[in-house]
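I have placed the structure first, in the form of structure tokens, so that the comments after it can refer back to it.
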Amino acid sequence: MLHLTAGRVGSLMARRATLALTTSSARMASHEVAESVDMSQPLYLDRRDTPLPDRAYKEVLTAGDKSLKQKEKGPWTQLTREEKIALYRLTFHQTYEEMRQPTEEWKTVMGGIFIFLGFTGLLVWWQRVYVFPERPRTFDDEWQSKQLKRMLDMRINPVEGLSAQWDYEKGQWK
């Protein structure tokens, strides 16, 4: 009976492996392969420290953009202000003023800091309540006053210590 079971398991495993091979190849054929970016080509980046990017912002030009590029080759006095701005936008995405605009990133940073501090505070509170032991009774003011009275009653270190500073006749510190 054991031999029969081993044979069935082997045939099931063989079927499963065959099915997995056909399914995975069919699955692979249905997925699209992502296009990779050629990093050896020049990239466009708007940065204040590098004023001229490696390439123009728009590489694929429309018919209107191509006619504007042809007008660019002529005298610039014939171009309108809007055409000059459109020519600028073909080469650059942002102006320096647009790049210098403050961002709202500080809100995200401050939010992250406050979340971190809040979590840390909850952790410290949890440790005080559930992890740390209670304060020893020797830290209580009542215990310390009793201990001081006991040391004075025993006249501990009467020459230069604590008992030397206590006036036993008046019952107060000298």
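The values are calculated or read from the model by the stated rules, or taken from the named source; none is laboratory data. Everything quoted here is computed from the prediction, not taken from an experiment. Glycine gets a Cβ as well: all are built from the backbone with ideal geometry, and neighbour counts include every protein chain shown. Heavy atoms of the whole protein, side chains included, go into the accessibility calculation; ligands, DNA and RNA do not. Shrake-Rupley method; radii C 1.70, N 1.55, O 1.52, S 1.80 Å.
Summed over the residues of region 54-140 and divided among them, the accessible surface reaches 89 Å² per residue at a probe radius of 1.4 Å. Taking a point 7 Å out from the Cα of T80 in the direction of its Cβ, the residues of region 55-73 whose backbone N falls within less than 20 Å of it are 62-73. Rg and Dmax of region 95-174, based on Cα coordinates, read 28.8, 89 Å.
Between Y88 and S40, the distance separating the two model label sites (each 7 Å from Cα on the Cα→Cβ line) works out to 3.7 nm.
Suppose R0 equals 25 Å. What FRET efficiency, 1/(1 + (r/R0)^6) with r the Cβ-Cβ distance, do D153 and K174 give to the nearest 0.05?
Between D153 and K174 the formula returns 0.90.
Around the amide H of W166, modelled in the peptide plane, lie the amide H atoms of K174, all under 5 Å away and 5 or more residues distant in sequence or on another chain. For region 83-116, the residues whose amide N sits under 18 Å from a probe point set 7 Å from the Cα of T50 along the beta carbon direction are 91-96, 99-100. The Rg/Rh ratio of region 45-169, with Rg taken over Cα atoms and Rh as the Kirkwood radius over Cα pairs, comes to 1.67.
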